[in-house]
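Presented below is the structure to which this report refers.
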Amino acid sequence: MSAIINELPALTDDGGDTIGITLTLNAGQRCGRLELGSTVKTLHKAWSRLVQRTRIKRHSIGYHRTTEVTVEYAEQGEPSFNPHIHATLLFTP
């Protein structure tokens, strides 16, 4: 990641661009504790498919990705989870 951070000023000064995106479940959808691992794995596979697309690969320099899980505690029952990916993609000028 530090290599990306170090290059960011030069890229944007030369006309390069960054795009921030969030990948999440369908609006309002959450998963339970037992499904959390497989849901995160599915999100990571979706991310891999996205960055392997020809249009992305051709023009991107790299990316930084992090996975976040928010938890909602119900008054009764098990908590529910909303895993999602935050990412910044770097594109050539």
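The values are calculated or read from the model by the stated rules, or taken from the named source; none is laboratory data. Bear in mind the structure is a predicted one, so any value in this text is a computation, not a measurement. Note: ideal-geometry Cβ built from the backbone for every residue, glycine included; neighbour counts use all protein chains shown. Side chains included, ligands, DNA and RNA excluded: accessible areas come from the protein's heavy atoms. Shrake-Rupley method; radii C 1.70, N 1.55, O 1.52, S 1.80 Å.
Annotations for the structure displayed:
- Listed residues LEU25, LEU34 arranged by accessible area, highest first, probe 1.4 Å: LEU34, LEU25
- Cα-projected label distance for ILE21 with SER38, points at 7 Å along beta-carbon direction, nm: 2.6 nm
- Shown here: the stretch 33-75, whose C-alpha atoms stretch 48, 16, 11 Å along the first, second and third principal axes, sorted largest to smallest.
- Loop chymotrypsin sites (Phe, Trp or Tyr not before Pro), the stretch 54-93, which have at most 13 other Cβ atoms in a 10 Å radius of their Cβ (DSSP): TYR73
- The residues of the stretch 19-92 expose on average 70 square angstrom of accessible surface per residue, using a 1.4 Å probe on protein heavy atoms.
- The stretch 32-93 - percent of accessible surface contributed by carbon and sulfur, probe 1.4 Å: 50 percent
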